[in-house]
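The values are calculated or read from the model by the stated rules, or taken from the named source; none is laboratory data. Computed from a predicted model, the values in this text were never measured in an experiment. All Cβ positions, even for glycine, are placed from backbone atoms using ideal geometry, and neighbour counts span all protein chains on display. Surface accessibility is based on the protein's heavy atoms, side chains included, excluding ligands, DNA and RNA. Shrake-Rupley method; radii C 1.70, N 1.55, O 1.52, S 1.80 Å.
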Amino acid sequence: IVFPYDYEVAKHWDSHFGHWIVKRAVVNMSIVHLYYSFWHVSLYGLKWSTRPFNTNRVYRWDKLLHNMWYTTLGTLQWTAWEALMLYCYATGRMPYLSNEEAFTSLYYGTSHFLICIIAVPLYREVHFYFTHRLIHIRSLYTYVHSVHHRNTDVEPFSGLCMHPIEHLYYFTSIALPSLYLRVT
């Protein structure tokens, strides 16, 4: 584990927890940007694929920076959700499955894992489908989802290149599994 959760620090919404959040944001940003940059350089710089899809496409740095900016906003929102969930776990506002509970009983740990490995992706797909349909309503599409659809030629940073309101819809997928399956 590169940067574990500190439940003791998370119990108090103070400067110590604020420092933890900043460190976590740096870790999350590093992971996301290094991963996407690797694929961007591999696909475009090293020409590992027959890209672009749009043969008339002209590579533009401003498009890349635009996508990176919205990816950064998404990663910061993801970090905020992560910190909020950690705070709720640490203060007992939400139940979570500790390592001791998960690994004490082989039967319970295994069955919980199997339920989660089936239920969470299924829930995630249903959630994504309905939230995606919702943001295709004309008013939401015009002002929110169109940011994502400006990417006429898909590249690695375009996946999280969304309006912050769309990030809000996208990241709410953590809510129900966290509440009912006690996954952290």
Considering (1) more than 22 Å from Pro156 (Cβ to Cβ); (2) in a helix (DSSP H, G or I), say which one Met94 fails and leave the rest. (2)
Any chance you could count how many residues in segment 1-48 are assigned to a loop (DSSP other than H, G, I, E, B), open to solvent by 50 Å² or more (accessible area, probe 1.4 Å) and free of Cβ contacts under 8 Å to residues at least 40 places away in the same chain? 9
Considering each of His136, His127, His149, His167 in turn, give the residue that is of a type outside the set (A, V, I, L, M), touching a residue at least 12 places away in the same chain (Cβ under 8 Å) and within 29 Å of Val58 (Cβ to Cβ). His167
Being touching a helix residue (DSSP H, G or I) at 6+ places or on another chain (Cβ under 9 Å), of a type in the set (A, V, I, L, M) and at pLDDT below 80 narrows Leu140, Leu168, Leu160, Leu181 down to just Leu181
Test set (1) open to solvent by 70 Å² or more (accessible area, probe 1.4 Å); (2) touching a residue at least 40 places away in the same chain (Cβ under 8 Å); (3) of a type outside the set (Phe, Trp, Tyr) - Leu106 fails condition number: (2)
